[in-house]
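Inspection log for the structure reproduced underneath, given as structure tokens.
The values are calculated or read from the model by the stated rules, or taken from the named source; none is laboratory data. The structure presented is a predicted model; accordingly, all values stated were derived computationally and were not measured. Positions of Cβ are backbone-derived with ideal geometry, glycine not excepted, and every protein chain shown enters the neighbour counts.
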Amino acid sequence: MESPTPARHPLPWIFQGGGLRQFGSSRYPEDAAAANKMRIMSHDLERVAESLVADGKGILAADETAPTLTKRFDILGIASTEQSRRTYREMLFTSPGAADFISGAIMYDETIRQKTSDGMPFAKELESQGIVPGIKVDTGAKPFAASPDETVTEGLDGLRDRLREYRKMGARFAKWRAVFHVTDSLPSAACVSANAHALARYASLCQEQDLVPIVEPEVLMEGSHFIGRCERVTSVVLHTVFDALFEQGVVLEAMLLKPNMVIAGKQCAQQASVEEVADATLTCLRRYVPAAVSGIVFLSGGQSARLATVHLNAINRIESRKPWKISFSYGRALQDPALEAWHGRDEYLAAGQRAFCHRACLNGAATLGKYTCEMEASSASEDETPLGRDWHDD
Ligand code: 13P
């Protein structure tokens, strides 16, 4: 049996001589050997985090659980079997040219155990193209006992062992998603703090096990709230999450944040303009996300493929100070056009790959603020795709 890994993270405060003492500017423990080990690991993790937000690139979130992917397949009448899900993921992961715009791909447990039709494990296939393999490690948002209309994300039990296994299988980063429903009275403080605590415990364990954590606190678009309410909730959530990350000693340089954009609720009669969304999002992030974080990779959250690109581009075009790289980690907004083009048919696999690569290219341009709507030309029907608007990962 392997011995438990020694604690690697500096707690931000230590009790010494009867008083609290801060580590000050150092993020390393003061014991020399531990400090050295941590410096090396942390440096490697920082390099992985930075590579995930390399210029012109972003992350493919292809980590839907089998039940969630089944819902998406159902809409198009595609039978969901282990084999059809494997074929679909292989189509995405082997799209010619996609690696020019895709830095990393997040898989689900079933997927990381699968292989290409040539027998290559998916993690190795991705790696061979320079795409960093990643893994979703939470076990889903479950009803929150303290507030029945909200959820808390589970998956901490046994997480250290699962992370160890995924790391051996080739994963270099992980993802954990917490979700927050918005109403006039939600999210509750209890829900925000429980989810923030779990995110921080997950992130700390990831770094201990040599994986870059993607911390995903998602304020949902469902609802009729105005953009100002989304900004307020996102601010409180980010503040609470970074407090918890600090408390758990998470190295900010060796993680990525995956937030929602600040946007009006889907059912709100007054939708904000692209400029308003970009301004409100950047303002909120600048106030609540420490500059040390390596990168921000947005989720698409149910926006159409095109709007998710337009918003990302507008955020990157704002000329004011941005201390982190700003990119994407889209699920639906990257996959919907490809899934629609493929439709579960072998003869359309190449069309699915072209649609995926095209969308990845447009989002790559948006990370540099270089997207224009003329670039959409070859994908005129993409925005009409109704897929996925109403489903959520569990
Ligand atoms: P969407 O881009 O579809 O919101 O998915 C991102 C994701 O990874 C959800 O956890």
From the list E165, E64, E154, which one is among the acidic types (D, E) and touching a strand residue (DSSP E or B) at 6+ places or on another chain (Cβ under 6 Å)?
-> E154
The lone exception for F122 - which of (1) touching a His at 6+ places or on another chain (Cβ under 6 Å); (2) buried (at least 18 other Cβ atoms within 10 Å of the Cβ) it fails | (1)
Which residues, counting only those in region 75-120, are in contact with a Pro (Cβ under 9 Å, 6 or more places away or on another chain) and within 28 Å of A54 (Cα to Cα)?
-> G104, A105, I106, M107, I112, R113, Q114, K115
Candidates S117, S95, filtered to the one that is in contact (Cβ under 8 Å) with a residue 40 or more places away in the chain and either touching a strand residue (DSSP E or B) at 6+ places or on another chain (Cβ under 9 Å) or over 22 Å from L334 (Cα atoms) (or both) | S95
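Condition check ((1) within 16 Å of the ligand (Cβ to nearest atom); (2) β-branched (V, I, T); (3) surrounded by fewer than 21 Cβ atoms within 10 Å (Cβ to Cβ)) across all residues:
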residue	(1), (2), (3)
R160	no, no, yes
W176	yes, no, no
V179	yes, yes, no
P187	no, no, no
P213	yes, no, no
L220	yes, no, yes
Filter region 306-336 for residues that are within 13 Å of the ligand (Cβ to nearest atom) and either farther than 25 Å from R286 by Cα or part of a loop (DSSP other than H, G, I, E, B) (or both) and give the result.
-> G331, R332, L334, Q335, D336
Assuming E218 fulfils every condition listed in (1) part of a loop (DSSP other than H, G, I, E, B); (2) in contact (Cβ under 8 Å) with a residue 60 or more places away in the chain; (3) of a type in the set (D, E, K, R) apart from one, which condition is it?
-> (1)
Look through D55, D63 and report the one residue that is in a loop (DSSP other than H, G, I, E, B), of a type in the set (D, E), at pLDDT 95 or above and buried (at least 18 other Cβ atoms within 10 Å of the Cβ).
-> D63
Taking I318, is it under 23 Å from A264 (Cβ atoms) and surrounded by fewer than 21 Cβ atoms within 10 Å (Cβ to Cβ)?
-> yes
In region 293-303, which residue that is in contact with a strand residue (DSSP E or B) (Cβ under 7 Å, 6 or more places away or on another chain) and of a type in the set (G, A, S) is farthest from the ligand (Cβ to nearest atom)?
-> S294
Out of A54, A79, report the one residue that is under 18 Å from the mean Cα position of the chain (by Cα) and away from the ligand (no atom under 12 Å from the Cβ).
-> A54
Positions within region 352-394 being at positive phi, modelled with pLDDT under 95 and more than 16 Å from the ligand (Cβ to nearest atom), in sequence order = none
Take the residues in region 259-292 that are buried (at least 24 other Cβ atoms within 10 Å of the Cβ) and outside any helix (DSSP H, G or I), then tell me which one is nearest to the ligand (Cβ to nearest atom).
-> N260
Go through region 261-275 and count every residue that is closer than 17 Å to F298 by Cα and more than 23 Å from the chain's Cα centre (by Cα).
-> 1
Please specify each residue of region 76-92 satisfying the condition of being outside any helix (DSSP H, G or I) and touching a residue at least 60 places away in the same chain (Cβ under 8 Å).
-> G77, I78, A79
Within region 89-115, residues under 14 Å from A350 (Cβ atoms) and more than 18 Å from the chain's Cα centre (by Cα) come out as E90, M91, T94, S95, P96, G97, A98
Return only the number of the condition from (1) touching a Ser or Thr at 6+ places or on another chain (Cβ under 9 Å); (2) on the phi < 0 side of the Ramachandran plot that G249 does not satisfy.
-> (2)
Listed residues T234, T183; which is polar (S, T, N, Q), buried (at least 22 other Cβ atoms within 10 Å of the Cβ), more than 28 Å from P133 (Cβ to Cβ) and touching a residue at least 12 places away in the same chain (Cβ under 8 Å)?
-> T234
